[in-house]
Amino acid sequence: MFDYRSIATEGAARTGIFTTPHGDVSTPAFMPVGTVGTVKGLITEEVEALGAQVVLANTYHLYLRPGHELVRDLGGLHRFMRWDGPILTDSGGYQVFSLADIREVEDDGVIFRSHIDGSKHTFTPESVMEIERALGADIIMAFDECPPGGATRDQAQEANRRTLSWLERCRRRFDELEHETDVPKQALFPVLQGNVFDDLRLEHARQFQDLGEWRGFGIGGLSVGEAKEDMWRVLEALHTALPEDRPRYLMGVGYPDDLLEAVARGCDLFDCVAPTRNARHGTVWTSEDGQVNLKAARFRDDTRPVDPGCDCYTCSRYDRAYLRHLVVANEWLSVRLLSIHNLRFLVRLAEQSRQRIEAGTFDGWRRDWLDRYRRAEDVGSDQR
Ligand SMILES: [Zn+2]
């Protein structure tokens, strides 16, 4: 269980299979985000029809509402949300640092106030392991401190130190819980920090591996406002520092172009709230026109699908003119239909990457795809 088997590589890009108790995940893979136990607006069958292999849920949100113990008593998250495939839960660290109202960060853990009702809570590495155990996801993330984008070297170093000591405590509690009976089989992924500082990133990767074996690695603290070149450079540095036979999850990435760039640098798993969030604003991705907003007047009588090359339900059935009408009229259906398209767009991009890497034609395809997409983005920005 939790083995990563490589199928093919091309440069740093890799395709492989990661086995979990709830099924195999072919990588690279995009994971739709089901924040509170739902991929917003979609029923399970629709998420399956996207070709999604694994979904993500947020520990912070489920802990606050409905509560991890209730989810456990109702049979665990798979049963609760009626998703039989693999699930990954994050540690709540990112939300605590970005969403919660007031917080005190101490070496023991983080004290925060709920963004829902202001109630006071404490997350420690131990409690987060217990919460993630109760939720019962297949892949669980260690509790980490994610410094904000633009953090200084000192701040990044301090967050690294704390994340490492929290990781040791997560591991200890995780191992204890593993020995209890009737518990779900889970893989604990550590979360690498270090902001844009290559040496801190490499040091963290080394320190993590000194602690023992891991089933996979999370790469955190990127896509938080740093320059793209910094993100690519960090990923290139990490590529050789991480073991080849473990999956790498680039947390919170990404947009279509970022996903392809990261696949080219050896990342395997991705998640991002942009597909559904953009859908709520009428924004869609297309391979020929880049990212566009359907509210634009030029789509009023456009009878083409959102993306003529896309095989999703929305593109096979509706045209831009109708979808624009729904967006402008603020109809619920627009959010569902555009979410289906945007999610399928990323899931399919990962699928195409797998096929291309296996065929040994990934790099040329990626370059052409990115050229076309970015050229369209430039043209599109004049029209938006
Ligand atoms: Zn589509």
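The values are calculated or read from the model by the stated rules, or taken from the named source; none is laboratory data. Note that the structure is predicted; figures quoted are calculated from it, not measured. Heads up, the Cβs are rebuilt from the backbone with ideal geometry, glycines too, and the neighbour counts pull from every protein chain shown. Each accessible area value is taken on the protein alone, full model and side chains, heavy atoms only, with ligands, DNA and RNA left out. Shrake-Rupley method; radii C 1.70, N 1.55, O 1.52, S 1.80 Å.
Brief remarks follow.
- Length gained on full extension, Glu45 to Asp117, computed as 0.36 nm times the residue gap minus the Cα-Cα distance: 22.6 nm.
- Inter-part distance where segment 32-61 and segment 70-96 are each reduced to a Cα centre, Å: 10 Å
- Mean-square fluctuations from a GNM of the chain, with a 10 angstrom spring cutoff on Cα atoms, peak among Asp368, Asp108, Asp258 at Asp368.
- By the Stokes-Einstein formula, at 0.890 mPa s and 25 °C, segment 135-202 with its Kirkwood radius over alpha-carbon pairs has D equal to 186 µm²/s.
- Near the amide H of Gly92, within less than 5 Å, lie the amide hydrogens of Thr59, Tyr60, all on another chain or at least 5 residues away, with H placed in the peptide plane.
- Modelled FRET efficiency - R0 35 Å, Thr19 with Leu70, Cβ distances, 0.05 increments: 0.75
- Mean residue ellipticity (222 nm) of the chain, computed from DSSP H runs ≥ 4 via -39,500 (n - 2.57), nearest 500: -13500 deg cm²/dmol
- Measuring nothing but protein heavy atoms, the accessible surface of the chain at 1.4 Å probe radius is 46 percent carbon and sulfur.
- Cα gyration tensor, segment 288-337 - rounded (a/c under 1.5), prolate or oblate: oblate
- Efficiency of FRET from Cβ geometry, Asp311 and Asp182, R₀ 45 Å, rounded to 0.05: 0.60
- Accessible area of the chain divided out per residue, in Å², using a probe of 1.4 angstrom: 42 Å²
- Label-point separation in nm, Asp368 to Arg79, each point 7 Å along Cα→Cβ: 5.0 nm
- Derived scalar couplings ³J(HN,Hα) [segment 36-52; Karplus, 6.51 cos²θ - 1.76 cosθ + 1.60; whole Hz; x for Gly, Pro]: 9, x, 8, 6, 2, x, 10, 7, 3, 4, 6, 5, 4, 5, 5, x, 5
- Within segment 7-66, the percentage of alpha carbon pairs spaced more than 13 angstrom apart rounds to 68%.
- DSSP finds beta bridges in the chain, and of those with both partners inside it, around 55 percent are antiparallel.
- Acute angle (nearest 10 degrees) that the helix 153-178 long axis makes with the longest principal axis of the chain, alpha-carbon atoms: 70 degrees
- In order along segment 186-192, phi translates into HN-Hα couplings of 9, 10, 9, 9, x, 10, 6 Hz, rounded to whole numbers, per the Karplus curve 6.51 cos²θ - 1.76 cosθ + 1.60 with θ = phi - 60° and x for Gly and Pro.
- Subtracting the Cα-Cα distance of Asp108 and Glu358 from 0.36 nm times their residue separation leaves 85.4 nm of extension gain.
- In this rough spin-label picture, where each label sits 7 Å from Cα along the Cβ direction, the Glu229-Tyr322 distance is 4.7 nm.
- Pair Asn330, Arg280: separation of 7 Å Cα→Cβ label points (nm): 1.5 nm
- Radius of gyration and Dmax over the Cα atoms of segment 109-247, both given in Å: 15.7, 47
- Qualifying GluC sites (Glu not before Pro) in segment 46-133, DSSP loop, other Cβ atoms within 10 Å at most 15: Glu106
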